[in-house]
Amino acid sequence: MEMIREHLIFTGRVQGVGFRFRAKCLANHYGVTGWIQNNYDGSVETQMQGREECIDMIIQSLQQDDYIRIDWITRERMETNPKERGFAVKY
């Protein structure tokens, strides 16, 4: 079970639709750590750390939500943070 960390930026209808809180619930469900925040340009930015298939399941679930519309995802691998615990919604 290799852990990875990814920096992701989502664009589309991703603000004002519960995106961050849905992502937090999914991260908790799949045991993924990290954080998520809204950006001023209307995108949502996150760093997620966990098993790759768990991160993929979170993204897939977000794409299937009735209120969220993801037009583009930028994904970049990062170095893992072994001290990180939990998943935070930043304001």
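The values are calculated or read from the model by the stated rules, or taken from the named source; none is laboratory data. None of these values were measured; they are calculated from a predicted model. Cβ: placed from backbone, ideal geometry, glycine included. Neighbour counts: every protein chain shown. These accessible areas exclude ligands, DNA and RNA; they are computed on the full protein's heavy atoms, side chains included. Shrake-Rupley method; radii C 1.70, N 1.55, O 1.52, S 1.80 Å.
Quick rundown of the values:
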read-out	value
Candidates GLU45, GLU6, GLU84 - the one that is open to solvent by less than 40 Å² (accessible area, probe 1.4 Å), in contact with a helix residue (DSSP H, G or I) (Cβ under 7 Å, 6 or more places away or on another chain) and of a type in the set (Asp, Glu)	GLU6
Of all residues in the stretch 9-18 being over 9 Å from the mean Cα position of the chain (by Cα) and touching a residue at least 12 places away in the same chain (Cβ under 8 Å), the one that is most open to solvent (accessible area, probe 1.4 Å)	ARG13
Answer from ARG75, ARG20 - the residue that is in contact with a His (Cβ under 8 Å, 6 or more places away or on another chain) and of a type outside the set (Gly, Ala, Ser)	ARG75
Any hit, the stretch 48-58, residues being surrounded by fewer than 17 Cβ atoms within 10 Å (Cβ to Cβ) and of a type in the set (S, T, N, Q)	no
